[in-house]
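Trainee: One structure, pasted below without further comment.
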Amino acid sequence: MSIPRLASTLTKTKWSPQLSSRLAYSSKASTQSLKERLTELVPEKQAEVKEVKKAYGDKPLGQVTVDMAYGGMRGIKGMVWEGSVLDPLEGIRFRGKTIPDCQKLLPTAPNGEEPLPEALFWLLLTGEVPTPEQTKSISEEWAARSKIPSFVENLIDACPATLHPMSQFSLAINALQHDSAFAQAYQRGIPKAQYWEYAYEDSMDLVAKLVPVASRIYRNVFHGGKAATGQLIDPAADYSQNLATSLGFSDPKFVELLRLYLTIHSDHEGGNVSAHATHLVGSALSDPYLSFSAGLNGLAGPLHGLANQEVLRWIVKMREALGNAQDVSDDQVREYVWSTLKSGQVVPGYGHAVLRKTDPRYSCQREFALKHLPSDPLFKLVSQLYTIVPDVLTEHGKTKNPWPNVDAHSGVLLQHFGLVEQDFYTVLFGVSRSLGVLSQLVWDRALGMPLERPKSLSTQNIKDMFAGKQ
Ligand code: CMX
């Protein structure tokens with residue numbers, strides 16, 4: 001099929017964005033469950049991918065240079081990720097929608113303003129904006145699926161408080177693998193066409209169970225194992241509300257913050273470490289628990305998700321070094337940033353492998369702070385850093401992107417509401433990241449994505465290649 005003909009065929013399919021958004025509000029779609037809707041969408045997407053491969057299969061997506069091979073594979077277009085695409089200047093779009101679009105379009109809690117992560121999960125999986133009713137059905141389903149086995153509770157309780165919360169998180173998720181529907185079905189022997197359904201069931205279970213897992217780790221490590229009080233999982237409450245209650249927080253503004261936080265940290269296309277690790281491990285048909293746990297281990301690195309813990313730690317240290325004064329001058333801040341760089345450390349929360357502008361995930365958190373905590377002293381410092389760090393990094397001359405990323409802002413919001421334990425921050429990032437990487441994993445299995453196995457070369461191979469020996 002010619003390329004123009006393919007394009008016209010594709011625009012006639014149900015996958016055009018215009019038709020997708022109409023479908024989202026059709027009476028049929030509004031009464032459908034997520035799984036029912038996916039059951040309709042899977043064959044359509046399979047057909048679309050087949051057409052794309054037929055039409056463009058032998059076309060190059062780009063060039064791979066020696067620098068790219070040595071340079072962390074930056075810029076190599078070598079994988080497919082359906083949920084989101086990252087533009088270096090504009091930032092993330094979830095299924096074509098920017099963060100402000102999502103804030104405008106996705107259903108909120110009855111008295112809330114921020115999008116519900118349940119709705120974002122639906123959007124990531126289907127490309128469609130769910131109705132409030134559909135969103136509520138996900139809240140209910142996650143609450144109903146949230147119970148964890150007692151041996152996993154015991155395992156978490158047996159961890160010393162000195163074991164980093166991310167290590168405990170990863171450990172617990174590996175243990176939850178005990179009940180993987182995908183692993184059990186694979187052992188029984190199931191046709192490939194059914195893989196996605198088991199990946200979906202595991203993913204729904206896993207997202208749901210992250211609430212009791214994360215909150216148990218938090219209460220153990222920081223509150224002496226004393227559980228939060230009250231009804232922790234309310235079947236009528238949304239996911240963020242249940243997470244807040246289980247952690248021991250009741251301020252409605254904190255719940256709103258969690259809704260925003262869980263929505264914006266969910267997905268950042270496929271090449272970042274946590275997303276790529278989950279996808280890679282899943283390509284060996286490891287089940288969603290094993291795959292996600294691999295992703296979390298990558299998220300726990302200081303150049304990736306752990307940066308959000310590092311940022312607050314660095315800001316608090318800076319404040320102490322500057323005598324905990326209410327107001328510090330720009331010159332003092334600038335000098336502190338330079339001292340960090342001169343000691344060979346990175347300025348956490350600044351720079352990005354793809355972005356070349358301020359991260360819109362930073363901007364929306366800044367808007368939240370301006371609205372809800374404009375006088376918080378640490379927020380003032382974060383704002384001051386925003387006016388100083390980009391110039392310093394530019395003068396320093398190394399980083400390709402002197403602008404702040406998502407991690408430069410999240411900690412200051414969490415500490416404002418009393419979640420001051422920085423070592424826990426990456427666990428929250430991980431809870432959110434599950435939404436993006438697991439929705440993609442469902443599509444990986446639906447589209448029959450094969451074992452991932454790029455070719456590697458030795459330095460000798462490369463030298464030989466250009467010396468004409470290969
Ligand atoms: N402070 C100081 N130096 C920085 C820097 C920063 N914030 N960001 C980049 N650089 C340096 C790099 O260390 C590198 O130095 P060398 O050449 O000596 O190795 C040089 O600038 C070029 O790096 P780059 O191409 O601009 O950035 P990379 O794609 O290699 O790395 C990132 C991206 C995010 C790891 C890097 O900017 C960084 O370390 N930032 C601080 C940590 C951070 O905020 N991470 C969170 C990212 C978001 C997330 O994944 O959660």
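The values are calculated or read from the model by the stated rules, or taken from the named source; none is laboratory data. Everything numeric in this text was worked out from a predicted model, so none of it was measured. Cβ sites come from the backbone with ideal geometry, for glycine too, and all protein chains shown count toward neighbours. To get the accessible areas, we keep the full protein, side chains included, count just its heavy atoms, and leave off ligands, DNA and RNA. Shrake-Rupley method; radii C 1.70, N 1.55, O 1.52, S 1.80 Å.
Trainee: Can you confirm whether the range 309-321 contains a residue that is crowded, with 21+ Cβ neighbours inside 10 Å, within 13 Å of the ligand (Cβ to nearest atom) and not hydrophobic (A, V, I, L, M, F, W, C)?
Mentor: Scanning the range 309-321, I find at least one residue that is crowded, with 21+ Cβ neighbours inside 10 Å, within 13 Å of the ligand (Cβ to nearest atom) and not hydrophobic (A, V, I, L, M, F, W, C), so the answer is yes.
Trainee: Let me ask something else about it. In the range 341-350, which residues are of a type outside the set (A, V, I, L, M, F, W, C) and surrounded by fewer than 18 Cβ atoms within 10 Å (Cβ to Cβ)?
Mentor: Quick first cut of the range 341-350, residues of a type outside the set (A, V, I, L, M, F, W, C) only: 342-345, 348-350.
Of everything in the range 341-350, those that are of a type outside the set (A, V, I, L, M, F, W, C) and surrounded by fewer than 18 Cβ atoms within 10 Å (Cβ to Cβ) turn out to be Lys342, Ser343, Gly344, Gln345.
Trainee: On to the next question. Go over the candidates Gln103, Gln168 one by one and state the one that is of a type outside the set (Phe, Trp, Tyr) and in contact with a strand residue (DSSP E or B) (Cβ under 8 Å, 6 or more places away or on another chain). Give the steps one after another, and end with the answer.
Mentor: On the way: Gln168 fails: in contact with a strand residue (DSSP E or B) (Cβ under 8 Å, 6 or more places away or on another chain).
Of Gln103, Gln168, the one residue that is of a type outside the set (Phe, Trp, Tyr) and in contact with a strand residue (DSSP E or B) (Cβ under 8 Å, 6 or more places away or on another chain) is Gln103.
One line per residue, one yes/no per condition, for (1) hydroxyl-bearing (Ser, Thr, Tyr); (2) in a loop (DSSP other than H, G, I, E, B):
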{"residue": "Val333", "(1), (2)": "no, no"}
{"residue": "Tyr336", "(1), (2)": "yes, no"}
{"residue": "Thr340", "(1), (2)": "yes, no"}
{"residue": "Val347", "(1), (2)": "no, yes"}
{"residue": "Leu355", "(1), (2)": "no, yes"}
{"residue": "Thr358", "(1), (2)": "yes, yes"}
{"residue": "Glu367", "(1), (2)": "no, no"}
{"residue": "Lys371", "(1), (2)": "no, no"}
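Trainee: Inspect the range 88-105 for any residue being over 17 Å from Cys364 (Cβ atoms), assigned to a helix (DSSP H, G or I) and in contact (Cβ under 8 Å) with a residue 24 or more places away in the chain and give the result as yes or no.
Mentor: Checking the range 88-105: not a single residue is over 17 Å from Cys364 (Cβ atoms), assigned to a helix (DSSP H, G or I) and in contact (Cβ under 8 Å) with a residue 24 or more places away in the chain.
Trainee: Turning to a different aspect of this structure: Give Glu367, Glu335, Glu395 a once-over and let me know the one that is closer than 27 Å to Ile138 by Cβ and open to solvent by 50 Å² or more (accessible area, probe 1.4 Å). Break it down into steps so the answer makes sense when it comes.
Mentor: Numbers: Glu335 fails: closer than 27 Å to Ile138 by Cβ; Glu395 fails: closer than 27 Å to Ile138 by Cβ.
That would be Glu367, the only listed residue that is closer than 27 Å to Ile138 by Cβ and open to solvent by 50 Å² or more (accessible area, probe 1.4 Å).
Trainee: So which residues in the range 74-87 are touching a residue at least 40 places away in the same chain (Cβ under 8 Å) and either open to solvent by 50 Å² or more (accessible area, probe 1.4 Å) or aliphatic (A, V, I, L, M) (or both), if there are any at all? I'd like the intermediate steps shown before the answer.
Mentor: From the range 74-87, those touching a residue at least 40 places away in the same chain (Cβ under 8 Å) are 74, 78-86; that's our starting set.
Hits for the range 74-87 are Arg74, Gly78, Met79, Val80, Val85, Leu86.
Trainee: Return yes or no: is Tyr362 closer than 22 Å to Leu419 by Cα, under 17 Å from the mean Cα position of the chain (by Cα), open to solvent by less than 10 Å² (accessible area, probe 1.4 Å) and more than 9 Å from the ligand (Cβ to nearest atom)? Please lay out each step first, then the result.
Mentor: Numbers: closer than 22 Å to Leu419 by Cα: yes; under 17 Å from the mean Cα position of the chain (by Cα): yes; open to solvent by less than 10 Å² (accessible area, probe 1.4 Å): yes; more than 9 Å from the ligand (Cβ to nearest atom): yes.
It is true that Tyr362 is closer than 22 Å to Leu419 by Cα, under 17 Å from the mean Cα position of the chain (by Cα), open to solvent by less than 10 Å² (accessible area, probe 1.4 Å) and more than 9 Å from the ligand (Cβ to nearest atom).
Trainee: Something else now. Inspect all residues belonging to the range 447-456 and state whether any of them is part of a helix (DSSP H, G or I), open to solvent by 10 Å² or more (accessible area, probe 1.4 Å) and modelled with pLDDT of 95 or more. Break it down stepwise before answering.
Mentor: We begin by selecting, within the range 447-456, every residue part of a helix (DSSP H, G or I); these are none.
No, the conditions are met nowhere in the range 447-456.
Trainee: Still on this structure, I have one more. If Thr162 passes every condition in (1) more than 23 Å from the chain's Cα centre (by Cα); (2) hydroxyl-bearing (Ser, Thr, Tyr); (3) closer than 22 Å to Ala109 by Cα but one, which one does it miss?
Mentor: Tallying (1) more than 23 Å from the chain's Cα centre (by Cα); (2) hydroxyl-bearing (Ser, Thr, Tyr); (3) closer than 22 Å to Ala109 by Cα, Thr162 fails exactly one: (3).
Trainee: Of all the residues that make up the range 373-406, how many are over 30 Å from Gly418 (Cβ atoms), in a helix (DSSP H, G or I) and among the polar types (S, T, N, Q)?
Mentor: Our first condition is that a residue be over 30 Å from Gly418 (Cβ atoms); within the range 373-406, this holds for 390-402.
From what's left, in a helix (DSSP H, G or I): 390-396.
Within this subset, residues satisfying the condition of being among the polar types (S, T, N, Q) are 394.
The number of residues fulfilling the criteria is 1.
Trainee: Take the residues of the range 63-73 that are assigned to a loop (DSSP other than H, G, I, E, B) and not β-branched (Val, Ile, Thr): which is most open to solvent (accessible area, probe 1.4 Å)? Reasoning before the result, please.
Mentor: Here is the first cut: in the range 63-73, the residues assigned to a loop (DSSP other than H, G, I, E, B) are 63-65, 71-73.
Cutting the leftovers down to not β-branched (Val, Ile, Thr) gives us 63, 71-73.
On the way: Gln63: 142, Gly71: 34, Gly72: 53, Met73: 104 Å².
Checked the range 63-73; the qualifying residue most open to solvent (accessible area, probe 1.4 Å) is Gln63.
Trainee: Given the structure, is Gly349 at pLDDT 95 or above and in contact with a helix residue (DSSP H, G or I) (Cβ under 8 Å, 6 or more places away or on another chain)?
Mentor: Working: at pLDDT 95 or above: yes; in contact with a helix residue (DSSP H, G or I) (Cβ under 8 Å, 6 or more places away or on another chain): yes.
For Gly349, the condition - at pLDDT 95 or above and in contact with a helix residue (DSSP H, G or I) (Cβ under 8 Å, 6 or more places away or on another chain) - is met.
Trainee: Out of the helices (runs of 4 or more DSSP H) lying entirely within the range 185-304, which hold 2 or more residues that are among the β-branched types (Val, Ile, Thr), crowded, with 23+ Cβ neighbours inside 10 Å and more than 16 Å from the chain's Cα centre (by Cα)? Talk me through it step by step, then tell me what you get.
Mentor: Values: elements: 195-222, 239-247, 252-264, 273-282, 288-299.
Correct list: 195-222.
Trainee: Search the range 35-62 for residues that are under 16 Å from Tyr195 (Cα atoms) and in a helix (DSSP H, G or I) and pair each with any residue that is modelled with pLDDT of 95 or more and of a type in the set (Val, Ile, Thr) when their beta-carbon atoms are under 9 Å apart and the residues are at least 6 apart or on different chains.
Mentor: Leu38/Thr126; Leu38/Val442; Leu41/Thr126
Trainee: As an exercise: evaluate Asn272 against (1) within 30 Å of Gln184 (Cβ to Cβ); (2) within 16 Å of the ligand (Cβ to nearest atom) and give the number of the one condition it does not meet.
Mentor: (1)
Trainee: Determine if the range 371-391 includes at least one residue that is touching a strand residue (DSSP E or B) at 6+ places or on another chain (Cβ under 7 Å), open to solvent by 50 Å² or more (accessible area, probe 1.4 Å) and either free of Cβ contacts under 8 Å to residues at least 60 places away in the same chain or within 16 Å of the ligand (Cβ to nearest atom) (or both).
Mentor: Initially, the range 371-391 is screened for residues touching a strand residue (DSSP E or B) at 6+ places or on another chain (Cβ under 7 Å), giving 386, 389.
With open to solvent by 50 Å² or more (accessible area, probe 1.4 Å) added as a condition, the list becomes 386.
Next, only the ones that are either free of Cβ contacts under 8 Å to residues at least 60 places away in the same chain or within 16 Å of the ligand (Cβ to nearest atom) (or both) stay: 386.
Yes, the range 371-391 contains a residue that is touching a strand residue (DSSP E or B) at 6+ places or on another chain (Cβ under 7 Å), open to solvent by 50 Å² or more (accessible area, probe 1.4 Å) and either free of Cβ contacts under 8 Å to residues at least 60 places away in the same chain or within 16 Å of the ligand (Cβ to nearest atom) (or both).
Trainee: Determine which single condition Val437 fails, assuming it passes every other condition in (1) within 13 Å of the ligand (Cβ to nearest atom); (2) within 18 Å of the chain's Cα centre (by Cα).
Mentor: (1)
Trainee: Another question, then. Tell me yes or no: at least one residue of the range 399-407 is surrounded by fewer than 18 Cβ atoms within 10 Å (Cβ to Cβ) and within 11 Å of the ligand (Cβ to nearest atom).
Mentor: Going through the range 399-407, the residues surrounded by fewer than 18 Cβ atoms within 10 Å (Cβ to Cβ) turn out to be 399-400.
Still in the list and also within 11 Å of the ligand (Cβ to nearest atom): 399-400.
Yes.
Trainee: So which of Gly78, Gly62, Gly72 ends up being farther than 26 Å from Ser434 by Cβ and either under 19 Å from the mean Cα position of the chain (by Cα) or not hydrophobic (A, V, I, L, M, F, W, C) (or both)?
Mentor: Working: Gly78 fails: farther than 26 Å from Ser434 by Cβ; Gly72 fails: farther than 26 Å from Ser434 by Cβ.
Unique residue meeting the criteria: Gly62.
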